[in-house]
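Below is one structure; the comments refer to it alone.
Every number in this text was worked out from the coordinates using simple rules, so none of it is lab data. Keep in mind it's a predicted model, so treat the numbers as computed, not measured. Note that we place each Cβ from the backbone using ideal geometry, even for glycine, and neighbour counts take in every protein chain shown.
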Amino acid sequence: MALAGHFIKNQQLGQGYDDEFGHKALYVVIKSLGDEPEHRMFVENIGGNKYRITDDTTKEFKEITLDDFTMKYNSLISMTMNGKEHILQFSHQEDDRVRYEMYHKGNKIKMEVLSPRQYKYYEHMPEPEVLNLAKTIISPMPGAIIDIFVKPGDKVADGQDLCIIEAMKMQNVMKSEVEGIVKSVHVKAGDSVGVD
C-alpha cells in the first residue's frame, strides 16, 4: 500500500501539480487499514525498479522489486511486486494532495503521503477535528426562521416538523431525521441563519 501511495504522489508531481518534481523518497502514513494501528513508512527508490520500505517506528525494512505498476481508468491499480500481483482501487484524494483513500481486498485504506520536508513538521500538525453532526439540525441555505415547532425537552419522532426556514421567498420545512429529545434550540422566529 505504501508503495502505491509513493507512485501516485510522484505521478501527480510529474503532471505539474506541485513545485517539486518527483521524490526518490516519501513518507507514507497509513491511517486506517482494517483494525490495525497507524503505520508510518519511509519509501525510498534505491535504483531502477528497486525500493526500500522502512517502518519509521521499528526501523525494520524490506526491499521490493516493482516489476509493474499500471493505473487504469484513474482508479484501478495493478502492481506486481517481487513477482506477485496486487490489485487496489484508488478512491480519491483530498485537495491538499497529501491525503489519499484506496481499497484493497475490501478494506478502506486512508493514507497521507508526505515529502521529507512535510514529514519533518508532521508531528506539529493537529488532526482535523471531525464534528459529529448526527444529532444537529443545520440550515441547508441562508434564510430567515419563520416558525419553530419544538422547544427543549420535547420528544420528537422521525420525520416530525421542527421549523420553517424561508429563503428566496420559498418556505422550507426542516424535519427530524431521528427520534429523540430536543436538547436545545439556538434560534427564534425572525432570526436570520446562514448556511451550515
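Using Cα-Cα distances under 8 Å and only pairs 6 or more residues apart, what relative contact order does the chain have, in percent?
Relative contact order here is 14 percent.
Given charges of +1 on the Cβ of Lys and Arg and -1 on the Cβ of Asp and Glu, with all other atoms neutral, how large is the dipole of segment 143-190 about its Cα centre, in debye to the nearest 20?
Approximately 180 debye in magnitude.
Only sites in a loop by DSSP and with at most 11 other Cβ atoms within 10 Å count here; which chymotrypsin sites (Phe, Trp or Tyr not before Pro) in segment 108-139 make the cut?
Tyr121
Using a Gaussian network model of the chain whose springs link C-alpha atoms within less than 10 Å, name the residue from Thr58, Thr80, Thr136 with the highest mean-square fluctuation.
Sorting by GNM fluctuation, first place goes to Thr136.
Would you please name the trypsin sites (Lys or Arg not before Pro) within segment 93-127 that are DSSP coil residues with at most 16 other C-beta atoms within 10 Å of their C-beta?
Filter output for segment 93-127: Arg97, Lys105.
For segment 143-190, what does the relative contact order come out to in percent, with C-alpha contacts under 8 Å and a separation of six or more?
47 percent
For the chain, give the magnitude of the charge dipole about the Cα centre (Cβ charges: +1 Lys/Arg, -1 Asp/Glu; no others), in debye to the nearest 20.
Values: 24 positive and 31 negative charges, 46 e Å.
I would put it at about 220 debye.
If the elastic network links every pair of Cα atoms under 10 Å, which of Gln89, Gln171, Gln118 fluctuates the most in the Gaussian network model of the chain?
Looking only at Gln89, Gln171, Gln118, the biggest GNM fluctuation is shown by Gln171.
Scanning the chain for GluC sites (Glu not before Pro) in DSSP loops with at most 15 other Cβ atoms within 10 Å, what's the longest stretch left with none? List each step's numbers first, then the result.
Values: sites that count: Glu20, Glu38, Glu60, Glu94, Glu129, Glu177, Glu179.
Answer - 130-176.
Shape of segment 2-124 from its Cα gyration tensor (a ≥ b ≥ c, root eigenvalues): rounded if a/c is under 1.5, otherwise prolate when a/b > b/c, or oblate?
Taking the square roots of the gyration eigenvalues as a ≥ b ≥ c, segment 2-124 is rounded.
Show me the trypsin sites (Lys or Arg not before Pro) within segment 163-196 that DSSP assigns to loop and that have at most 13 other Cβ atoms within 10 Å of their Cβ.
On the way: sites: Lys169, Lys175, Lys183, Lys188; in loops: Lys169, Lys183, Lys188.
Here the trypsin sites (Lys or Arg not before Pro) that fit, given the DSSP loop and packing criteria, are Lys169, Lys183, Lys188.
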